[in-house]
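Taken together, the values in this text are just the output of simple stated rules run on the coordinates, not laboratory data. Keep in mind that this is a model prediction, so the values were computed, not measured. A quick note on method: Cβ atoms are made from the backbone with ideal geometry, for glycine too, and the neighbour counts reach across all protein chains shown.
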Amino acid sequence: MSGDTMESSLGEFGQDGEVFDADGPSEHRRELADRLIRRLNVKDHNSIFEMISAKAYYSGILLAILTFFYWIFVSSANDSSELGVSILMDFGFADVAIVVMLLGLTSAFFRDYSRELGQLLPSLISGAMIIVCGFYFIEPLVYGFVSNELDIQTAVWRSARLGVLWGGVTYCAHFLVDASLLLWLKQFCVNHDIDISPAAEERTRDPASESTA
């Protein structure tokens, strides 16, 4: 495999060459491809195209839903931003919602890529981001139940909206990561003339089951 081919494939995957062992990059890349085929249950080469389209399609739907949800239930809602200002960076509720979406999305990206590539730093950053998101999620409840900053109904409603946004961007990130990994897998198979064939069906049957039937 030429250096240009490796760099182009890695560029499409969204990583640089340092994530692979310099002594055997081809072996690591093939292991990664095999792991993706098994984890994502890729049946054959043609199914990759359908899976990429489906993953990107669902991620687009989720992004649109979350955008409308934020617009209707956060930015346009009658929720005073002067009340319950976060002690972390002094963000109002609308700003906190944006931060939770960005951190939740980035955290899920880092966690999924770290799982596939076996990298330490992305998981470390992802864990720190999760803690920040969790703080923002719990903070309104603390204001509502412990202090007089917010009434309980408003506090629960704020945390519920943050939870929906956080969960939504997490699922969206999973779809986007899977789509990008499948895109890399497709290009990897093309570059190396690898044909993914359906797994061979079991040719032998249990004699006991046959006799029972």
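Some observations on this one:
- Furthest towards positive pole of dipole, Phe188, Gly60, Thr106, structure part the stretch 22-193, Cβ charges: Phe188
- Sorting the segments 141-147, 101-107 by their residues' average number of neighbouring beta-carbon atoms within 10 angstrom, most packed first, yields 101-107, 141-147.
- Projected label distance in nm at Asn148 and Leu124, using a 7 Å step from Cα toward the beta-carbon: 4.6
- Applying 1/(1 + (r/R0)^6) with r as the Cβ-Cβ distance of Leu102 and Glu82 and R0 = 22 angstrom yields a FRET efficiency of 0.45.
- Ranking of Arg29, Arg38 by neighbouring Cβ atoms within 10 Å, starting from the fewest: Arg38, Arg29.
- Arranged from fewest to most other beta-carbon atoms within 10 Å of their beta carbon, Ser75, Ser86, Ser126 become Ser75, Ser86, Ser126.
- Packing-based ranking of 181-188, 59-66 yields 181-188, 59-66, ordered from highest to lowest mean Cβ neighbour count within 10 Å.
- Gain on full stretching of the segment that runs from Arg35 to Ser75 - 0.36 nm per residue minus C-alpha separation: 10.2 nm
- Rounded FRET efficiency, nearest 0.05, which uses the C-beta distance separating Asp195 from Glu27 and R0 of 25 Å: 0.80
- Cα-centred dipole magnitude for the stretch 22-193, charges only on beta-carbon of K, R (+1) and D, E (-1), debye, nearest 20: 520
- Here the calculated FRET efficiency for Leu63 and Asp95, from their Cβ-Cβ distance with R0 = 25 Å, stands at 0.80, rounded to the nearest 0.05.
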